[in-house]
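Nothing in this text is a laboratory measurement; each read-out follows from the coordinates by a stated rule. Quick caveat, the model's predicted, so the values are computed rather than measured. Glycine gets a Cβ as well: all are built from the backbone with ideal geometry, and neighbour counts include every protein chain shown.
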There are 2 protein chains.
Amino acid sequence: MNYFSSSFKLGILGGGQLGKMMLYDTRKYDIQTNVIDPNPEAPSKFACNFFEQGDLMDYETVLQFGRKVDVLTFEIEGVNIEALEQLEKEGKKVYPQAAVLRKIQDKGVQKQFYSEHHIPTSPFTVYQEKDDLTEALVRKEWEYPFVWKSCTGGYDGNGVSIIRSEEDLIPVPDVPCIAEKMIPFKNELAVIVARNPVGEVKTYPVVEMEFHPEANQVEYVICPARIDSAVAKKARELAVKVSEAFEHVGLLAVEMFQTQDDKVLVNEVAPRPHNSGHYSIEASYTNQFEQHIRAILDLPLGDTESKVGGVMVNLVGDESHEGQVKYQNIEKIMKMPGVTPHIYGKKQTRPFRKMGHVTIVHRDINKARKIAEDVKKEIKVISR
Amino acid sequence: MNYFSSSFKLGILGGGQLGKMMLYDTRKYDIQTNVIDPNPEAPSKFACNFFEQGDLMDYETVLQFGRKVDVLTFEIEGVNIEALEQLEKEGKKVYPQAAVLRKIQDKGVQKQFYSEHHIPTSPFTVYQEKDDLTEALVRKEWEYPFVWKSCTGGYDGNGVSIIRSEEDLIPVPDVPCIAEKMIPFKNELAVIVARNPVGEVKTYPVVEMEFHPEANQVEYVICPARIDSAVAKKARELAVKVSEAFEHVGLLAVEMFQTQDDKVLVNEVAPRPHNSGHYSIEASYTNQFEQHIRAILDLPLGDTESKVGGVMVNLVGDESHEGQVKYQNIEKIMKMPGVTPHIYGKKQTRPFRKMGHVTIVHRDINKARKIAEDVKKEIKVISR
């Protein structure tokens, strides 16, 4: 297959920041892209060859979009799976495959998949209705605190609540959900796995995540994770096991907990480039977006190791600002060594909205982490 | 000034591969761009916010284009300078400045500038007509071989000839030219200098260039140059001296000769991102395109040092192929560690046409150089 400067077309469902960053690499390879997103001002509107506005959950829209391209991928899980299945029946290459997305889109199904494949994960039960969960609580099947997760539609901390008492359950919507044992973990870790159609598999180094206590969004992503090498090895092996169970093509970001006794449990996965891999643009030999493209086009996978240590800081909207965005003190952080801001291109800021990220690289990961703190102190995403 | 996700507009004259690579970084910063190029299918057609077809040498076209943007830059020297001067008079920021381009666009003027500023360069004489040069030869003012250069319009080896005998002069056109003493050099070197409006100056490490013997195009660019550190220091200092003489804003690529007795002479300069800096995308803390944008927008300059060693190989059209391009064996080179192909997006190949480049990075520059040889052996730019 000839992809480079040819008539080959890659379709991407979703035109957010992940799509935007993927387009740096399709442009680098001169691979033609069609992009579709419901937002007419989506970050990926530019740099693709053809942009179309449309509803990603609409069967007919996704079907018609997919028929016009040679390979179809997505940068968001919220897409119409039936359309992907129909496209596959018609012989279209959809990567990651519809079957993979089916196992992931619903968190209940995802957890059950781990159980079936003997993949360590925290204990859980799936409930179809809120009443079922309430009854389980009456029967004392759960101890407080536990984690409540909506089976579908959750992202970036939405659709996830920590239930510490009966009262915390009141605002929770009546949707299919899972209750999950709360794991007192030492670290949240993630490993990105790349896999191509011929089954070549590569893992990125383990990254360590720190969450913002209120927004429940990642605050620092640190690569390599500052953990014991035996735990890192275990995490990479587990990520490969998960990857091989799914038999996905493309990237799979595997989020994990390192427990107090150094067990590694799978929390959840995302079948696409991931926030925890953004550091790779500056730090890795092959960044995650290029790797995703290599994987889905059945090209050889690139080197996943790092040139330098990397720390990523999310740029989220300040909680007291809403309106036309301004990146206060961005000039100050650009003076710091090894600092690269990424601005996603959303014109309006809102409290905790993901507006961009900053990567800090340094040969010494501890120095990178220190500079990252300075970055966080200086930069603010406010309105004008 | 607020550049990020704002209504600020950067104008770029020229939409070739340099502009295309610059757009990766304007997209990263969400800086709006207008691009103009005579070719309606220019590589920068995508990824800018607004593309327009137009003649870069036409006064009115450049003037009207410039009036619509806040800061104007260029990725090619062949633009109408009078229009840039008029725009500056109207208060527009043009970086690099029209006065810098005036001193560079004509190679005779450029050489005279070096003489006036006591910048070491090879001995030369400017001739307004071919007859003047012929008469100088009759008077034995030049010994064979010497170098003939057209004062204007030359690039990538066009407009440059080595004159070994009277006969070699026959095909040379009757245009203003310079005759230049041929320097038996040890190495061709280059240093990229960045300078912003407040006068902050940073140099990139010295790179070493190897030319293809027939096409007279760069074959390998190696960073860091494998030269004595005293010579490297001298080259960087000379580059700063050149930069300060021009008082340019933006990048200035300074090409130099290292003579047999380790003197460093300036050959010529380019006031823009340069082929000799492409390695920086993968190898440097701040790549040359981001650096150019930082400089012309009066942002702090980034770190110019390297994370890893880098070698760049140009992908030029095979001499026996013309037509729709095909990158033969590109999958094979993508298997090699640290190898990144860049495809510029030109659909038609021609003998020696610059179609792309490949960067090879490695902690050990000698290993990178070895892999670069393997890359050159495998990949071929042919027609389908």
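So for chain B, considering every pair of alpha-carbon atoms, how many percent are separated by more than 41 Å?
Roughly 10 percent, once rounded to a whole number.
Are there GluC sites (Glu not before Pro) in the stretch B:105-158 that DSSP marks as loop and that have at most 16 other Cβ atoms within 10 Å, and which are they?
Passing both the DSSP loop test and the Cβ count: B:E129, B:E141, B:E143.
When the Debye formula is applied to the Cα atoms of the stretch B:243-286, each taken as the same point scatterer, what base-10 log of I(q)/I(0) results at q = 0.25, 0.26, 0.31 Å⁻¹?
-0.96, -0.98, -1.05
At most 11 other Cβ atoms within 10 Å and a DSSP loop assignment: could you name the trypsin sites (Lys or Arg not before Pro) in the stretch B:56-141 that fit?
B:R139, B:K140
Treat every Asp and Glu Cβ in the stretch B:193-257 as -1 and every Lys and Arg Cβ as +1, leave all other atoms uncharged, and give the resulting dipole magnitude about the Cα centre to the nearest 20 debye.
Using Cβ point charges on Lys, Arg, Asp and Glu, the stretch B:193-257 gives about 300 debye.
In a shell of Cβ-Cβ distance under 15 Å around B:Y24, excluding B:Y24 itself, what net charge do Lys and Arg (+1) and Asp and Glu (-1) give? Walk me through the numbers before you get to the answer.
On the way: positive: A:K20, A:R27, A:K28, B:K20, B:R27, B:K28, B:K45, B:R294; negative: A:D25, A:D30, A:E282, A:E290, B:D25, B:D30, B:E75, B:E282, B:E290.
Here the count lands on -1.
With unit charges on the beta carbon (Lys/Arg positive, Asp/Glu negative), name the residue among A:S229, A:V175, B:I12 whose Cα is farthest towards the positive pole of the charge dipole of the protein assembly as shown.
Looking along the dipole axis, the top candidate is A:S229.
Given the pairs A:K354/B:K307; B:K347/B:K367; A:K103/A:K354; A:K354/B:K68; A:K28/B:K326, which span a C-alpha to C-alpha distance of over 21 angstrom in this model?
Details: A:K354/B:K307 29 Å; B:K347/B:K367 32 Å; A:K103/A:K354 26 Å; A:K354/B:K68 31 Å; A:K28/B:K326 16 Å.
Beyond 21 Å between Cα atoms: A:K354/B:K307; B:K347/B:K367; A:K103/A:K354; A:K354/B:K68.
Can you tell me the Rg and Dmax of the stretch A:183-302, counting just the alpha carbons, in angstroms?
That works out to 13.7, 43 Å for Rg and Dmax.
Taking every Cα atom in the stretch B:123-181, find the radius of gyration and the maximum pairwise distance Dmax, and write them in Å.
Reported Rg and Dmax, both Å: 10.3, 31.
Between the label point of B:K68 and that of the same position in each other copy, find the distances and list them shortest first in nm, with every label point placed 7 Å from Cα along the Cα-to-C-beta direction.
From this label point to the equivalent ones elsewhere in the assembly: 2.5 nm.
Less than 11 Å Cβ to Cβ from A:F51, Lys/Arg counted +1 and Asp/Glu -1: what total charge do the surrounding residues give? Walk me through the intermediate numbers first.
Numbers: positive: A:K45; negative: A:D37, A:E41, A:E52.
Summing Lys/Arg as +1 and Asp/Glu as -1 gives -2.
Contact order normalised by length for chain A, with contacts defined as Cα pairs under 8 Å and 6 or more residues apart; what percent is it?
Normalised by residue count, the contact order of chain A is 13 percent.
Considering only the label points, 7 Å along Cα→Cβ from Cα, what distances in nm to one decimal separate B:D168 from the same position in each other copy, shortest first?
Label point to label point, same position, other copies: 8.3 nm.
Taking a temperature of 37 °C and a viscosity of 0.692 mPa s, what whole-number D in µm²/s does Stokes-Einstein yield for the protein assembly as shown with Rh from Kirkwood over alpha carbon pairs?
Answer from the Stokes-Einstein relation: 118 µm²/s.
Ignoring everything except DSSP H segments at least 4 long, calculate the 222 nm mean residue ellipticity for chain A; use -39,500 (n - 2.57) per segment, divide by total residues, nearest 500.
When only DSSP H runs of four or more count, the value is -8000 deg cm²/dmol.
Counting only other chains, what is the mean number of Cβ atoms within 10 angstrom of the Cβ of each residue in peptide B:2-15?
On the way: counts 7, 4, 9, 13, 6, 2, 0, 0, 0, 0, 0, 0, 0, 0.
The per-residue average across the peptide is 3.
Relative to the other copies, what are the label-point distances for B:E116, with labels 7 Å from Cα along the C-beta vector, expressed in nm at one decimal and sorted shortest first?
Once sorted, the set of distances for B:E116 reads 7.9 nm.
Using DSSP to call loops (not H, G, I, E or B), can you name the GluC sites (Glu not before Pro) in the stretch B:19-87 whose Cβ has at most 13 other Cβ atoms within 10 angstrom?
On the way: sites: B:E41, B:E52, B:E60, B:E75, B:E77, B:E82, B:E85; in loops: B:E41, B:E75, B:E77.
Here the GluC sites (Glu not before Pro) that fit, given the DSSP loop and packing criteria, are B:E41.
Toward the positive end of the charge dipole of chain A, about the Cα centre and with charges on Cβ (Lys, Arg +1; Asp, Glu -1), which of A:Y327, A:V71, A:T33 goes farthest?
A:Y327
Shielding by partners for A:94-103, please: the mean number of other protein chain Cβ atoms within 10 Å of each residue's Cβ.
For this peptide, the per-residue mean of nearby foreign Cβ atoms is 0.
About the Cα centre of the stretch B:123-181, what is the dipole size in debye to 20, counting +1 per Lys and Arg Cβ and -1 per Asp and Glu Cβ, all else neutral?
Using only the charged Cβ atoms, the result is roughly 180 debye.
Using only atoms on other chains, find how many Cβ atoms lie within 10 Å of each Cβ of peptide B:43-56 and report the average.
Across the residues of B:43-56, the mean count of other-chain Cβ atoms within 10 Å is 2.
What ranking, highest mean first, results for peptides B:286-296, B:225-235, A:294-304, B:8-18 when packing means the other Cβ atoms within 10 Å averaged over each residue? Walk me through the numbers before you get to the answer.
Details: B:286-296: 25.9, B:225-235: 16.2, A:294-304: 21.1, B:8-18: 23.4.
Sorting B:286-296, B:225-235, A:294-304, B:8-18 by mean packing, highest first, produces B:286-296, B:8-18, A:294-304, B:225-235.
How large, in Å, is the stretch A:9-94 by the Kirkwood hydrodynamic radius built from its alpha-carbon pairs?
Evaluated over the stretch A:9-94, this radius sits at 12.4 Å.
What residues from the stretch B:92-113 fall in the zone where the backbone N is under 18 Å from a label point 7 Å along the Cα-to-C-beta line of B:R139?
none
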